[in-house]
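The values are calculated or read from the model by the stated rules, or taken from the named source; none is laboratory data. Since the structure is predicted, the reported quantities are computational estimates derived from the model, not experimental observations. Glycine gets a Cβ as well: all are built from the backbone with ideal geometry, and neighbour counts include every protein chain shown.
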Amino acid sequence: MTRALALFSGGLDSILACRVVAAQGIAVQAVKFVTPFFGYELLAKEEQYARMVRESYGIEVVLRDVSEAYFAMLRNPPHGYGKNFNPCIDCKILLFREAKRLMEEFAASFLITGEVIGQRPMSQRRDTLRVIERDSGCEGILLRPLCAKTQEPTRAERDGLVDRELLLDFNGRGRQPQIQLAEQFGITDYPRPAGGCVLTEADQAKRIAWYYARYPEIRLNDIRLLLFGRHFQLPHGGWFVLGRDEAENARLEALHDPGDYLVHMPERPGPMGVLHGAVHPDDFAAAAGLVVRFGKKMAGASAPATVLFASGGEERFLVAEPLADALFQEWSL
């Protein structure tokens, strides 16, 4: 039986691309690549996710973590960034290259994606699609079933593995053709189009660019830490993160490194903080003031509070006033 390997985002387009090819009697194996920027939380529930995709869409999917390769690419993407810190073209090249490398493992004859020409302004233009194929080494083996009739035939079509007449000619940003096709397949419960990658978000991009400029070695845990909470570069260089709710407080506690200081007010509700990495002695007071500033007010007013810094077996306490907003605005990342 002919086999195809699908790059699977989990969105409607990738679901439909798998089903269009599978409808021709081809065995489709989907692979979802993950990094902290997209899909990483699925690694903790891979079997549950695979079962959901199988039961909902009739697609077999596996996860592959490409974080380290992605971090290296992100430092200097050959095709540059988009408006923010998004390396959309080089992201696609990296993922296609990784998929090509997996073809032997899954005995796949070709690759498929859910891309539609003209749907995204940076990475799905006709000229850009050709560049991505070329630079990833996937020329001739990458089939885009939803817009195949707007493209030159791939090797799989020329060799008769795929019937080109049963492929589609979608183009542009409209979603109605995809919705109609989903109805034909009996697919009604599918993810609605989401916002862009976190690297396209201005605030996140600024923070990640700061991290890349500051740290020569990129650490997985640091990247995960960057993607939530309030972040500050304290006056003497300390990196301080504050949770914005109970869920973020719990994530900070789970992600902090052994040498970090966990910071909170033991006698008043408020945020959990992480003073991350090397700490200048004068930054403790600034961190304490931020914890009090974002903590719960007492009797409707901010008041001094005791702040606990804990690292390993070490504990230190500081009594701090809440910082005035004007004092720390320039520290915000």
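Tabulated values for the structure
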{"item": "Scan of segment 291-312 for residues that are surrounded by fewer than 12 Cβ atoms within 10 Å (Cβ to Cβ) and either under 24 Å from GLY237 (Cα atoms) or of a type in the set (A, V, I, L, M, F, W, C) (or both), ordered by number", "result": "ALA299, ALA301, GLY312"}
{"item": "Verdict on VAL279 being modelled with pLDDT under 95, β-branched (Val, Ile, Thr) and surrounded by 12 or more Cβ atoms within 10 Å (Cβ to Cβ)", "result": "yes"}
{"item": "Test: ILE187 is more than 19 Å from LYS83 (Cα to Cα) and part of a helix (DSSP H, G or I)", "result": "no"}
{"item": "Any hit, segment 103-110, residues being surrounded by fewer than 22 Cβ atoms within 10 Å (Cβ to Cβ), in contact with an Asp or Glu (Cβ under 9 Å, 6 or more places away or on another chain) and over 19 Å from ARG19 (Cα atoms)", "result": "no"}
{"item": "Yes/no for ARG164 being under 25 Å from the mean Cα position of the chain (by Cα) and either without any contact (Cβ under 8 Å) to a residue 40 or more places away in the chain or not assigned by TED's automatic domain parsing to the domain that holds GLN29 (or both)", "result": "no"}
{"item": "Selected residue (criterion: surrounded by the most Cβ atoms within 10 Å (Cβ to Cβ)) from residues of segment 3-35 that are of a type in the set (S, T, N, Q) and within 18 Å of LEU142 (Cβ to Cβ)", "result": "SER14"}
{"item": "Any hit, segment 140-153, residues being crowded, with 16+ Cβ neighbours inside 10 Å, small (Gly, Ala, Ser), in contact with a Leu (Cβ under 6 Å, 6 or more places away or on another chain) and not assigned by TED's automatic domain parsing to the domain that holds ILE59", "result": "no"}
{"item": "Selection within segment 154-164 - closer than 24 Å to ALA182 by Cα and surrounded by fewer than 18 Cβ atoms within 10 Å (Cβ to Cβ)", "result": "ASP163, ARG164"}
{"item": "Residues satisfying the stated conditions in segment 1-52, i.e. without any contact (Cβ under 8 Å) to a residue 24 or more places away in the chain, hydrophobic (A, V, I, L, M, F, W, C) and in contact with a strand residue (DSSP E or B) (Cβ under 7 Å, 6 or more places away or on another chain)", "result": "LEU42, LEU43, ALA50"}
{"item": "Filter pass, ILE89 being of a type in the set (A, V, I, L, M, F, W, C), in contact (Cβ under 8 Å) with a residue 24 or more places away in the chain and in contact with a His (Cβ under 7 Å, 6 or more places away or on another chain)", "result": "yes"}
{"item": "Any hit, segment 45-65, residues being on the phi > 0 side of the Ramachandran plot, surrounded by 13 or more Cβ atoms within 10 Å (Cβ to Cβ) and at pLDDT 95 or above", "result": "yes"}
{"item": "Residue in segment 237-244 that is in the same structural domain as ALA303 (by TED's automatic domain parsing), in a loop (DSSP other than H, G, I, E, B) and under 25 Å from the mean Cα position of the chain (by Cα) present", "result": "yes"}
{"item": "Single match in ILE132, ILE89, ILE93, ILE117 (criterion: within 28 Å of GLY186 (Cα to Cα) and β-branched (Val, Ile, Thr))", "result": "ILE117"}
{"item": "Positions within segment 266-290 being closer than 22 Å to HIS236 by Cβ and more than 28 Å from the chain's Cα centre (by Cα), in sequence order", "result": "VAL279, HIS280, PRO281, ASP282, ASP283, PHE284, ALA285, ALA286, ALA287, ALA288, GLY289, LEU290"}
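Residues checked against (1) of a type in the set (S, T, N, Q); (2) over 24 Å from PHE71 (Cβ atoms); (3) assigned to a strand (DSSP E or B); (4) out of contact with any Ser or Thr (no Cβ under 8 Å at 6 or more places or on another chain):
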position: ALA254; (1), (2), (3), (4): no, no, no, yes
position: ALA278; (1), (2), (3), (4): no, no, no, yes
position: ALA288; (1), (2), (3), (4): no, yes, no, yes
position: VAL292; (1), (2), (3), (4): no, yes, no, no
position: LEU308; (1), (2), (3), (4): no, yes, yes, yes
